[in-house]
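The values are calculated or read from the model by the stated rules, or taken from the named source; none is laboratory data. Note that the coordinates shown come from a computational prediction; the quantities given were computed from them, not determined experimentally. Neighbour counts run over all protein chains shown; Cβ positions are idealised from the backbone, glycine included.
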Amino acid sequence: MQRRTLMKAVVTAVALTALQATTAVAENPVLKIGFVGVTSGPAAAWGISNQRSMETRAAWINETGGYTIGGTTYDIEIVSFDDQKDPKRAIAGMEKMAQEGIHYVVGPNVDDGAAAVRPVAESNGIMYFPYAFPKSLYQAPASNAVLGMVANYQSGPAIYKYLMENEGVKTVAFIAANESDPLSQRDGGVAAAKALGLEVVSANVTYQVDTTDFTPVLTPIMRTQPDLLVLSGVSPANAPQLIRSARELGFQGMISTETAQDAGVLAEGAGDLANGFISVGGASTPELASPMMNEFVERYTKMFGEYNDESNTKVYALEYILETLKANPAALTDVAAFQKTMDTFEAPNPYMNGDAKLRYVGMSSFGQKRQVAVPLVVNVYRDGAFETLFVAEVD
Amino acid sequence: MEQILANGVYLGSQYAMIALGLTLIFALMNVLNFAHGQMYVIGGFVTYTFYGQWGVPFVLALVMSCVTLAILGALIEKFLFAPVIKGSAREESTMLLAAGIAFFLDALILLVFGEKQRGVPKIVDGVFNYDFRLIMPYDRILICALAILSIVAFIGLMQYTKTGRALRALAQDRTAAQLMGVNVDRYSMIGFALGAMLAGLVGGLLVTITGVNLGMGGPTSIKAFMMVMIGGAGVISGAIWGGIILGFMEAIGLAVLSQYGDITYLLIFISLMIFLAIRPQGLMGKPWG
Amino acid sequence: MFGFSAKQLIGVAIFLFAIFVGVPLIIGVTGRWDFYFTLTSVALLAIASAGVWLTFYIGRINIGQGAFALIGAYVSAILVVKAGWSFWLSLPAAGVFAALVAVLIGLPILRLRGVYFAMITLVLTQVVTLTALALPITNGAKGISSIPLPSGVSLFGIPLIPDFGAMENTKLAFYYTACILMIVTYAALYRLVNSRLGHLCRSMQQNEELASSIGVNIAHIRIVIFAISSFFGGIGGAMFGSIAQSVYPSSFQVADSVNFMLNCFLGGLGYVFGPMLGTLVLYFGWDLLFELGKYQMLVYSIILIAVIRFLPNGLLSLRFGKGGDK
């Protein structure tokens, strides 16, 4: 008896959810933009900051009357799919996006997922904006991926060069988690450092992703006494612990990374020990942030209770998609038109003070314009907040 | 060398504590608790909320972690594990239940505590530095001491109290214990609560050093499994030895093998497999678990 | 035919009809083209789960199938990309290689039982992932990407398998391939379970010492079963690599190994078709709950807990447990 009632309830619940259509009660037609990324499990922080940035911006647009493309005003709806950081799920997510008639998707967050969805995206006419760095994703014959941020092989050299010139850094050590993304980023960083003439004193120390105590991991590196310690592809959760362990072991040199970090997490996890830590950020430091960026942070905080500084780099992808569609309304359903527009597209960057532009770049790295031009803002952490160290451009 | 040993002692003591709770639950009910790591994470978040957010004294926050997890453990045992164990033909089926609970707690943690890494202010400042040969921050020394103290207290509880004796009897032979008048249902629940409480306690202790985030759960469970296997499943002393051995293996392995870089952990895992293949019941386990 | 009852034959016929005609028909009518990939995944994961189920059959909890799936995926990818093999040749090669690895590893570890065997297989998954990260032939952390689609096969000029690369839409082709593989797998599994070997396995599951004392060569059987199980894992993994056209060290990891095991539990360890149903419910269920957004995981896990709470012997016990019509 009990079993039967239960099974019935379960079956009904499943059936109802399956049938439930996403009917938005809006007057404007709806433009759906997808997100495929990891929003549960260990790496949830990456995808969630991403998804929330998009939802904040969409809600903001809808509240102010919608987004006009080619004479029609649309409400923006974000369709999110949790791939659990599993490339198999990521493919299913991209199929789901195709099913929903979506042509523009942000994500996936990691290398393997971004590579796995390529066949689906290309056969279904979907442009996607991964946060993964492998060049093969963006070089021809690959056509539909657009790198959504600054890659480590672009930001790394800029940071190393700055530190060589301004801080007299001569030796560098690398440490990375033992999985695909960080290891690839480390290899890129080592090559860049060597090209700049830095002496790489340690490059093969790795840690398991699940490490909670970094003292034994860092002990061998500390003996090499580098001027600069690079945390390659470090996740925001591990960064404060690595910094804390290194400082407690008496490390005096500089520490940097090429990924985006959150000031609040650093403050809680490492406190004053994180002072001087260099990372890559968006445009949210006070002197760079435009009024629109400030309003974005305000709205994000209101919607989700707490801002995440990682979102500074993740606010751009949706803006690029919408602006490019506005520049060429034919691209709404035609990805080829979008790709053509990408070559010439240019619009003012609303999130940054000054005359920064939104445009597509990547000729020198990929041989085709398959990257969004995000200002390369290098931050330094000081007493609970980020300060701008320097700003550079990617071509 | 001194540094490696100190790292080993520190890692070993915290690992042993994590393994203790898991092995206790396994010994009592033959349940491989996949949700152990998630319980550890909840313990960390409770201490974070009380101590880091609301400014409650650290010791009190720790107690809150213990209480929360003990209640959670008792409820899970009474309403989920006990009926499933009774109803299933093969007792391994509880692994599915444990995994389901792990998924559930992960989802709950994400909704309640968010996705960010959390940390609390240091409980003690300063670093012990002996001529740069042995460096140990004071808070680590304190946590290590507290962990060892808790382990001793736990052993005392198991050896010298009525509850402890009943639990040991239950672990040795369920049927015999029942015949001797031990209330099996009640003590299973107490044992499970105690195991969960240990997870909460170590989570609360370690949040001061490593912080806490929702991703730590699964990997912590797996690490705890390894320690339990090294020492021998379902044996209290085995869990302690397993924790200490894995702690030293990591500390020494990372120091000695660091020049091999990427394969350090590969070698650690392979040696673990060879060890288990040679000694299938772990160091001091009952044969065939 | 092979001693099947009329009822069983009808059941099989209905099942075959449903997956080869019914599903494409329903998808065509509803327009849910995305279900093809989900169902393809289910079929492939069910193949790997069948292997895990088989190791359960000799009383071993196997949390290492992810390792063999990853091995299979890499073997196929390397053969296709670096050696220029046809995918259709690399597929059995992947299975055979996984089986060989299983024999080598199985010799020492199959002496273990219970949780010890479970744990060592769990560690095995980690070892294979880390090996893939470290070896040059697997391309280390960069993985192998841009694997070409399966090419056509023809015998004496008669095309047997069409060229996937030339197809407008490979979804249906992959779906049919996966289903055929799954059916062959489960037919083999069914045949095995009802053979002399199957009876010996059952006696081992009950009591290995006893089985050994009546002259069963248990060491030999264990190795054979473990090798077959890993063969299934390798096949499933290789096929997945071909669909994703890329393989990474993280393509199959500990979470996958655990899921393969959960599929078997959920479907029911006592039923040959349990892992198939378990995979369908676990994998497809997640997709169906997609609309729930951030509560997806919560609802999914609650349903999972509820099912195991009330059906501790698996979903299939619902049908067979009470009526006893079989």
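Figures for the structure shown
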| quantity | calculated |
| --- | --- |
| Residue within the stretch A:268-280 that is under 26 Å from A:Q371 (Cβ atoms) and in a helix (DSSP H, G or I) present | no |
| Selection within the stretch C:193-235 - without any contact (Cβ under 8 Å) to a residue 12 or more places away in the chain, aliphatic (A, V, I, L, M) and part of a helix (DSSP H, G or I) | C:L210, C:A211 |
| Some residue of the stretch A:51-58 being over 27 Å from C:F174 (Cβ atoms), among the polar types (S, T, N, Q), more than 14 Å from chain B (Cβ to nearest Cβ) and in a helix (DSSP H, G or I) | yes |
| Selection status of B:L267, in a helix (DSSP H, G or I) and either facing another protein chain (nearest Cβ under 7 Å) or without any contact (Cβ under 8 Å) to a residue 40 or more places away in the chain (or both) | yes |
| Unmet criterion (only one of (1) among the hydrophobic types (A, V, I, L, M, F, W, C); (2) within 21 Å of the chain's Cα centre (by Cα); (3) surrounded by 15 or more Cβ atoms within 10 Å (Cβ to Cβ)) for B:L75 | (3) |
| Which listed residue, of C:I137, C:I147, is in contact (Cβ under 8 Å) with a residue 40 or more places away in the chain, exposed (fewer than 15 other Cβ atoms within 10 Å of the Cβ) and not in a helix (DSSP H, G or I) | C:I137 |
| Filter result for the condition that a residue is within 12 Å of chain A (Cβ to nearest Cβ) and part of a helix (DSSP H, G or I), over B:A255, B:A239 | B:A255 |
| Selection count, the stretch B:133-188, where residues are assigned to a loop (DSSP other than H, G, I, E, B) and either more than 20 Å from B:A74 (Cβ to Cβ) or acidic (D, E) (or both) | 4 |
| Residues of the stretch A:60-86 satisfying the condition of being outside any strand (DSSP E or B), away from chain C (no Cβ under 14 Å) and not polar (S, T, N, Q) | A:W60, A:I61, A:E63, A:G65, A:G66, A:G70, A:G71 |
| Hits in the stretch B:211-223 (condition: in a helix (DSSP H, G or I) and touching a residue at least 60 places away in the same chain (Cβ under 8 Å)) | B:L214, B:M216, B:G217, B:G218, B:P219, B:T220, B:S221, B:I222, B:K223 |
| Any hit, the stretch A:21-38, residues being at the interface with another protein chain (Cβ under 8 Å from one of its Cβ atoms), under 18 Å from C:Y300 (Cβ atoms), surrounded by fewer than 22 Cβ atoms within 10 Å (Cβ to Cβ) and at pLDDT below 85 | no |
| Qualifying position, being under 18 Å from the mean Cα position of the chain (by Cα), of a type outside the set (F, W, Y), closer than 20 Å to A:N178 by Cα and assigned to a helix (DSSP H, G or I), among C:L122, C:L130 | C:L122 |
| C:A102 under 22 Å from C:R202 (Cβ atoms) and crowded, with 24+ Cβ neighbours inside 10 Å | yes |
| C:V184 aliphatic (A, V, I, L, M), in a helix (DSSP H, G or I) and closer than 25 Å to C:T38 by Cα | yes |
| The stretch A:358-395, residues that are farther than 30 Å from A:M254 by Cβ and surrounded by fewer than 14 Cβ atoms within 10 Å (Cβ to Cβ) | A:M363, A:G367 |
| Scope the stretch A:260-276; condition in contact with a strand residue (DSSP E or B) (Cβ under 7 Å, 6 or more places away or on another chain) and surrounded by 24 or more Cβ atoms within 10 Å (Cβ to Cβ); matching residues | A:A260, A:Q261, A:L266, A:A274 |
| Failed item, numbered, when C:N62 is tested on (1) without any contact (Cβ under 8 Å) to a residue 24 or more places away in the chain; (2) closer than 27 Å to B:T220 by Cα; (3) not in a helix (DSSP H, G or I) | (1) |
| Any chance C:F174 is in contact with a helix residue (DSSP H, G or I) (Cβ under 6 Å, 6 or more places away or on another chain), over 30 Å from C:F117 (Cβ atoms) and in the same structural domain as C:R60 (by TED's automatic domain parsing) | yes |
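One line per residue, one yes/no per condition, for (1) modelled with pLDDT of 85 or more; (2) at the interface with another protein chain (Cβ under 7 Å from one of its Cβ atoms); (3) surrounded by 24 or more Cβ atoms within 10 Å (Cβ to Cβ); (4) not in a helix (DSSP H, G or I):
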| position | (1), (2), (3), (4) |
| --- | --- |
| B:G200 | yes, no, yes, no |
| B:G204 | yes, no, yes, no |
| B:F225 | yes, yes, yes, no |
| B:G261 | no, yes, no, no |
